[in-house]
Amino acid sequence: MSKERHVYYQEPEQARKMEVAMKLSNCISESDFVRTAIDFYIGYLYQQESLDYLSPVINRSIKNVIGGVEKNICDMLFKLAVDTGMTTQMAVDLYDFPEGYYDDLRQKISQQVAETNGTIDFEKQKSLYE
C-alpha cells in the first residue's frame, strides 16, 4: 500500500493527549494513530448519515407495531365491554331467558357498547326487553 506525506499542525495539548492515547490504541507511531483516528472519524460521520436515514424508518416500524397492538387491545376491550353489558343486562332481567336470548342480547349489547363508547351505567340500565 502506498502512502502520501501530509503535513498538519496540532496544538501542544492535543499532542500530549495523542501520546497518552497512542498507548491505549496500540498504535506503533503517530502516523499510525492519525490514520486510525481519521478512519474512526470517517466511520462515525457515515454512521451519522445512516442514523439520519434509519431513524425515521425505525420510528415508522415501531408506530406500525404499536398501532397493531393498539387495535388488538381495542378489539379485546370491546368484547369485554359487550360481555360486561350482557352480564349487567342478565342481572337486570332476572327471569327465565327465552330461546335465542343470548344471541339477541349479544347483538343488542354490541350495538349499545358501540353507541355509548363502552360506558355502561348499571343504575341507569333498563331491560332491553321492556
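Can you confirm whether Ser50 is of a type in the set (Ser, Thr, Tyr), at pLDDT below 85 and farther than 30 Å from Gln112 by Cα? So Ser50 fits the description; yes. Filtering segment 1-26 to residues that are assigned to a helix (DSSP H, G or I) and of a type in the set (Val, Ile, Thr) leaves only Val20. Quick check on Glu123: is it of a type in the set (D, E, K, R), part of a helix (DSSP H, G or I) and either surrounded by 10 or more Cβ atoms within 10 Å (Cβ to Cβ) or at pLDDT below 85 (or both)? So Glu123 does not fit the description; no. Scanning segment 6-19 for residues that are without any contact (Cβ under 8 Å) to a residue 12 or more places away in the chain and not aromatic (Phe, Trp, Tyr) yields His6, Val7, Gln10, Glu11, Pro12, Glu13, Gln14, Ala15, Arg16, Lys17, Glu19. Checked across segment 66-86, the condition of being touching a Phe, Trp or Tyr at 6+ places or on another chain (Cβ under 9 Å), at pLDDT below 85, surrounded by 10 or more Cβ atoms within 10 Å (Cβ to Cβ) and not small (Gly, Ala, Ser) holds for at least one residue. Entry remark, segment 1-31: residues being hydrophobic (A, V, I, L, M, F, W, C) and loosely packed, with under 10 Cβ neighbours inside 10 Å number 5 in total.
What are the residues in segment 52-78 that are basic (Lys, Arg) and farther than 23 Å from Ser110 by Cα, if any? Arg60, Lys63, listed by residue number. Annotation note: Cβ proximity below 9 Å between a residue of segment 20-46 that is under 15 Å from Glu4 (Cα atoms) and a residue that is loosely packed, with under 10 Cβ neighbours inside 10 Å (sequence gap 6+ or interchain) occurs for Ser31/Lys3; Val34/His6; Val34/Tyr8; Arg35/Lys3.
The values are calculated or read from the model by the stated rules, or taken from the named source; none is laboratory data. Note that this is a predicted model, so its numbers are computed, not measured. Counting neighbours? That spans all protein chains shown, and the Cβs are built from the backbone with ideal geometry, glycine included.
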